[in-house]
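Undergrad: My questions all concern the structure below.
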Amino acid sequence: MTRVKRSPARLRPIEGRRFFYVGRDQVQHFRRRRFESPRTVVLAVAVGGAATATVYYGNVEAVPYTKHTHVVLLSPRLERQLGESQFEQLKAGLKDQLLPPTHPDSVRVRLIARQVVNALQRGLATDEPVVRGG
């Protein structure tokens with residue numbers, strides 16, 4: 001049985017880099033890929049972990065009332081701008097379905113919202129800790 005030689009061009013990627021080399025005995029030896037080297041894996045994990053820790057600890061914020069911490073990736077100014085732009089888009093899309101400010105349902109919703117906001121402000125004004133049910 002005769003052995004058919006394959007063309008090395010089939011094994012080459014499009015960019016022209018070769019992932020193999022031919023030894024003295026005409027045997028093809030494949031090169032190690034990037035993440036097969038333990039040194040490269042350790043370096044990639046270390047750099048990724050350091051970047052993640054930097055982003056995490058650079059953006060941790062404590063909620064004043066509950067003293068819990070959470071990660072905030074957007075600044076309050078950017079978050080407000082995004083919310084306002086989305087609200088404007090929503091209003092433009094539902095323009096035909098919005099009630100005028102003098103409509104009885106609009107007045108009722110506004111009064112209820114005012115009561116909720118006032119109750120929240122009174123609750124935040126006291127320095128009592130939050131009691132979590134459990």
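Undergrad: Can you tell me which residue within segment 91-129, out of those that are assigned to a loop (DSSP other than H, G, I, E, B) and under 30 Å from TYR65 (Cα atoms), is modelled with the highest pLDDT?
TA: Filtering first and then ranking leaves THR126.
Undergrad: When you go through (1) modelled with pLDDT of 75 or more; (2) open to solvent by 90 Å² or more (accessible area, probe 1.4 Å) one by one for GLU15, which number turns out not to apply?
TA: Looking at each condition in turn, GLU15 falls short on (1).
Undergrad: Filter segment 62-77 down to the residues that are at negative phi and either open to solvent by 80 Å² or more (accessible area, probe 1.4 Å) or touching a residue at least 24 places away in the same chain (Cβ under 8 Å) (or both) and list them by number.
TA: Within segment 62-77, PRO64, TYR65, THR66, HIS68, THR69, LEU73, PRO76, ARG77 qualify.
The values are calculated or read from the model by the stated rules, or taken from the named source; none is laboratory data. Being a predicted model, the structure only gives us computed values, none of them experimental. Cβ: placed from backbone, ideal geometry, glycine included. Neighbour counts: every protein chain shown. Quick note on the areas: whole protein, heavy atoms, side chains included, nothing else; ligands and nucleic acids left out. Shrake-Rupley method; radii C 1.70, N 1.55, O 1.52, S 1.80 Å.
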